[in-house]
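The values are calculated or read from the model by the stated rules, or taken from the named source; none is laboratory data. Remember, predicted model here, so these are calculated numbers, not experimental data. Glycine also receives a Cβ, built like all others from the backbone with ideal geometry; neighbour counts cover every protein chain displayed. Please note that ligands, DNA and RNA were not included when accessible areas were found on the heavy atoms of the full protein model with its side chains. Shrake-Rupley method; radii C 1.70, N 1.55, O 1.52, S 1.80 Å.
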Amino acid sequence: MRDLIRKYMDIWMHGVLLGASFVALVPLFGVFSYVLKKGWPALSKGFFVNLPTPVGEVGGGFGNAILGSVVLILLASIVGVPWGVLCGIYLAEYRRSKLAQWLRFTVDVLTSVPSIIVGLFIYAIVVKPMANFSALAGAASLALIMIPVVARTTEEMLKLVPRATREAGLALGLPRWKVILFITLRGAVSGVATGVLLAIARVAGETAPLLFTAFNNRYWSHTLFEPVASLPVQIYVYAISPFEEWHQQAWAGALVLLFFILFVNLFIRFLIFSRGAGRTS
Amino acid sequence: MNVETVHTAQNQLLQANHINAWFSENHVVKGISLSVPSNSIVALMGPSGCGKSTFLRCLNRLHEEVPGAKVSGEVWLSEKNIYARGTDPVSIRRQIGMVFQKPNPFPSMSIFDNVAVGLRLAGVRSRAALSEAVERSLRGAALWDEVKDKLKAQGMSLSGGQQQRLCIARALAVDPSVLLMDEPTSALDPISTAKIEELIVALKANTTIVIVTHNLQQAARVSDRTAFFLMGEMVEYDVTTKIFTNPQDNRTEEYITGRFG
């Protein structure tokens, strides 16, 4: 009798776990299928290359927003990736120093600062003094969000490189900075790349910080010193508009953004499985 | 045996005087002095935890890289005290190479790069010079024939024994005058071990080798002189055949006859 109860209990609990996992997946598939259904019909070649058109005029697209997002992410990465990697190197290679412990805490706090506050901060220190919304300010806010993410993953990946590797480098008569930069970091390179891609996927969808920094632009931006359109902001503007065809375009924009992030995540999977997350191959 | 005050007796390439080493408060090497003649092989043997590896790591100033580690004493390499004030450990380590217990090829690097990296990062740019050095070192480490067709393969893709010979080639590439080996075969199977021992003996022609081992037979097979370490002290240091046939200290005798350790 007791055995029977135990057996049914086991089946029941197994079912509960399976059910909970399934329920967690439902929203994900829901989002994907809904965005696909709504966005797909509005996607066309023109959507990727054309400027937005006034309401009622057909053939408008998100060309400037897509390009704007690419520019913002690129600029943010140029600043945020090296900065974050250097910070991560310090955290990993000088991990016992008081400064590193303090820095690690700060980085963790920075990770959880709401992105809208990052936007306000950049508004205060970049937009106000320059008296203009700009791509530069937008990129600065995204970079600030990237740095802690990149720093912490870099740190974790460098910690996986065995001490014997560092010692072998030192024993070759190489200065410590060369050992760190050309041997330890190289051993962790695919893991660090994973962190960079994670950070890119994270900032690609950020909207709040861009509202106060890059703002938006109905046209192509010609310099980095003027406001620039971006996918998330454009989606926001179109989604809250009262026009049906703009809603459709917002769905299409959402689909593009979603696929970009999905692609980046798949690429991360690929990196992890093919190289073993920066450990030995 | 009294080697204390001799800096550089004739053809003694390496001379350690009164080396003490600590991990934090833990005194692991206690006043050891030892001289190594050039083009010879000196084995340091003793039970685990006797300080032989730590002493070895004092000879290329690697011990001080461990957080909390301390060293005192002198080590003379030819005419130079490597612990003299203002001496750069980096320049010392270029002359005193090291091979570690576990094979540790650099991750994400090809076989070629593993061997070339020491020279490349020291500023050698010429492709021809690097190729030449890589071939010479791999030949020196008796690995060339096995890898010459796959120099672009990852160093980590080799077998354990091959990886260890790759590490030896990597150390040889920067042309050190002394090679320190920290139990280089303890992670390897008997066949790979035999190959490496053969290699060590061959390397004597061009370098001077200090090898740590807790394998008595290995010390007997490869070395010219053997030091016996026990609890941070050097019990005895003499010509290998003498240590194994006629030890002066009965602790040495007990160890080599297998009564402890």
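In whole angstrom, how far apart do the alpha carbon centroids of segment B:74-150 and segment B:206-261 sit? Centre-to-centre distance over Cα atoms comes out at 28 Å.
Between the Cα long axis of helix B:190-203 and the first principal axis of chain B there is an angle of about 90°, rounded to the nearest 10. Contact with the other protein chains removes 10 Å² or more of accessible area, compared with the isolated chain and a 1.4 Å probe, from these residues of segment A:142-174: A:163, A:164, A:165, A:167, A:168, A:170, A:171, A:172, A:173, A:174. Of the residues making up segment B:152-177, those losing 40 Å² or more of accessible area when the isolated chain is joined by the remaining protein chains, with a 1.4 Å probe, are B:156. With all protein chains in place and a 1.4 Å probe, the accessible surface of chain B carries 49 percent carbon and sulfur.
In units of the compact-protein estimate 2.2 N^0.38 Å, chain A shows a Cα radius of gyration of 1.24. Normalised by 2.2 N^0.38 Å, with N the number of residues, the alpha-carbon radius of gyration of segment A:2-42 equals 1.98. So for chain A, taking the charge dipole from beta-carbon charges (+1 Lys/Arg, -1 Asp/Glu), which of A:222, A:136, A:268 sits furthest toward the positive end? The listed residue farthest towards the positive side: A:268. Once A binds B, the 1.4 Å probe can no longer reach about 2200 Å² of accessible area, counting both sides. Taken over segment B:160-232, the percentage of Cα pairs per 10 Å bin, counting from 0 up to the bin with the maximum distance, is 18, 56, 24, 2. Take the cross-link list B:80/B:102; A:98/B:30; A:178/B:195; B:102/B:195 and give me the ones stretching past 21 Å between alpha-carbons. Violating the 21 Å Cα-Cα cut-off are B:80/B:102; A:98/B:30; A:178/B:195. With each run of n ≥ 4 DSSP H residues scored as -39500 (n - 2.57), what mean residue ellipticity at 222 nm is computed for chain A after dividing by its residue count and rounding to the nearest 500 deg cm²/dmol? For chain A, the value works out to -23000 deg cm²/dmol. Excluding ligands, DNA and RNA, what is the solvent-accessible area per residue of the protein assembly as shown at a probe of 1.4 Å, expressed in Å²? On a per-residue basis, 48 Å².
Give me the dipole magnitude in Debye, nearest 20, for the protein assembly as shown about the Cα centre, with unit charges on the beta carbon: positive for Lys and Arg, negative for Asp and Glu.
Value, rounded to 20: 500 debye.
Under a Cβ-only charge scheme (Lys and Arg +1, Asp and Glu -1), can you give me the dipole magnitude of segment A:45-280 about the Cα centre, in debye to the nearest 20?
1260
The mean number of Cβ atoms from other chains found within 10 Å of a Cβ in peptide B:93-105 is 4, as a whole number. Computed in the context of the full set of protein chains, the accessible area of chain A at 1.4 Å probe radius has 74% of its extent on carbon or sulfur.
For chain B, the mean residue ellipticity at 222 nm estimated from helices alone is -10000 deg cm²/dmol, where every DSSP H run of n ≥ 4 contributes -39500 (n - 2.57) and the total is divided by all residues, rounded to the nearest 500. Projecting the Cα atoms of A:91, A:76, B:159 onto the dipole axis of the protein assembly as shown, where Lys and Arg carry +1 and Asp and Glu carry -1 at the beta carbon, places A:76 farthest toward the positive end.
Database remark: amide H of residue B:43 closer than 5 angstrom to the amide H of B:211, B:224, B:225, B:226, B:227 (H placed geometrically; neighbours at sequence offset of 5 or more, or on other chains; Pro and chain starts carry no H). Axis angle, to the nearest 10 degrees, between helix B:127-140 and the longest C-alpha principal axis of chain B: 50 degrees. For chain B, the calculated P(r) over all alpha carbon pairs, in 5 Å bins from 0 to the bin holding the longest distance, is 1, 6, 13, 17, 19, 17, 13, 8, 4, 2, 0, 0 percent. Simple rule: put +1 on each Lys or Arg Cβ and -1 on each Asp or Glu Cβ in the protein assembly as shown, find the dipole, and look at B:232, B:140, B:16; the Cα lying farthest toward the positive end is B:140.
With only Cα atoms counted, the protein assembly as shown has Rg and Dmax values of 31.5, 105 Å.
Using only C-alpha positions, report the orientation-averaged shadow area of the convex hull of segment A:1-97, nm², one decimal.
It is 14.4 nm².
With semi-axes defined as the square roots of five times the eigenvalues of the C-alpha gyration tensor, the equivalent ellipsoid of segment B:7-142 measures 29, 18, 16 Å, largest first. Note on segment B:101-228: Rg/Rh from Cα positions, Kirkwood definition for Rh, rounded to two decimals, is 0.97. Segment A:197-212 and segment A:32-70 have Cα centres lying 19 Å from one another.
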